[in-house]
Amino acid sequence: MTEGFDYMRKVVMIGAGGSGKTALVNRFLTQKFSEQYIVTIGSQFAVKTVEVPQNEQSVKVKLLVWDLAGQERFDFIRTSYYRGSKGALLVFDVTRKSTYMELPKWIEETEKALNERIPIVLLANKVDLVEDRVITTEMGEKFVEENNLEGYLETSALTGQNVEEAFKILARKSIQKK
């Protein structure tokens with residue numbers, strides 16, 4: 001074991017602008033939620049180590065989390081940030097159908113940038129906004145099945161629901177694929 005971790009993996013946060021990628025990363029890092037919305041320019045970078053099970057023991061995975069800008073105007077720069085990625089959290093906002101409809105574009109962009117399929121976990125974010133929800137759990141699960149993704153979780157950066165779990169699942173999937 002080197003410097004407190006067994007594996008180091010670069011992972012990316014992808015999905016439409018305003019879907020909550022940055023808020024999820026901030027919740028993961030600080031266990032706090034910020035009401036402030038600041039557009040990510042290009043990308044942001046964060047590091048955190050998580051423990052996950054592997055072969056009946058626990059291993060430490062240092063995640064290098066790249067939060068990629070989701071706005072269309074950043075399409076030209078975003079592809080360079082994918083290089084070396086071993087997994088992705090694909091985020092959509094359950095209150096905005098347009099973010100769900102864009103999901104195939106993100107999978108395609110990732111595969112094109114990397115020339116391979118990396119583990120992708122789909123996150124249905126903002127599930128705390130129950131009254132405003134337009135995308136159902138069944139729709140998310142069906143998308144995962146049809147697109148052969150690694151998993152599906154319903155998350156809330158506001159409450160912290162499934163945020164830590166999402167990163168742990170991705171960490172586990174990223175070390176299974178060498």
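Rule-based calculations on the coordinates, nothing more; no lab input. Bear in mind that the values here come from a model prediction, so they are computed numbers and not experimental data. Ideal geometry is used to build each Cβ from the backbone, glycine not excepted, and the neighbour counts take in all protein chains shown.
Please order L129, L90 by the number of other Cβ within 10 Å, starting at the fewest.
So the residues, fewest neighbours to most, are L129, L90.
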Checklist outcome for this item: Once Lys and Arg are counted +1 and Asp and Glu -1 for all other residues with Cβ under 14 Å from that of T95, the total becomes -1
Checklist entry - Exactly which GluC sites (Glu not before Pro) in segment 91-127 are in a DSSP loop and have at most 15 other Cβ atoms within 10 Å? => result E116
Checklist outcome for this item: Looks like segment 134-178, by Cα gyration tensor root eigenvalues a ≥ b ≥ c and the a/c under 1.5 rounded cutoff (else prolate when a/b is bigger than b/c, oblate otherwise), is oblate
Checklist entry - List the aspartates and glutamates whose alpha-carbon lies under 13 Å from that of K10, not counting same-chain residues fewer than 8 positions away? => result D67
Checklist outcome for this item: Non-local residues with an amide H under 5 Å from the amide H of V59, with H modelled 1.01 Å from N and Pro and chain starts lacking one, are V52, Q54
Checklist entry - So who's got an amide H within less than 5 Å of the one on D67, skipping anything under 5 residues away but keeping other chains? H placed 1.01 Å off N, in plane. => result M13, Q44, F45, A46
Checklist outcome for this item: Cα-Cα longer than 27 Å, checked against K60/K112; K60/K126; K21/K105; K60/K105, kept in input order, equals K60/K112; K60/K126; K60/K105
Checklist entry - Around E51, with a cut-off of 12 angstrom between Cβ atoms, what is the net charge of the other residues, counting Lys and Arg +1 and Asp and Glu -1? => result +3
Checklist entry - How large is ³J(HN,Hα), in whole Hz, for each residue of segment 54-62 in order, when computed from phi with the Karplus curve 6.51 cos²θ - 1.76 cosθ + 1.60 and θ = phi - 60°, using x for Gly and Pro? => result 8, 6, 6, 9, 10, 10, 9, 10, 7
Next on the checklist: Explain nothing, just compute: Karplus ³J(HN,Hα) = 6.51 cos²θ - 1.76 cosθ + 1.60, θ = phi - 60°, for every residue of segment 79-90 in order, whole Hz, x for Gly and Pro.
Outcome noted: 4, 5, 7, 6, 3, x, 5, 10, x, 9, 9, 9
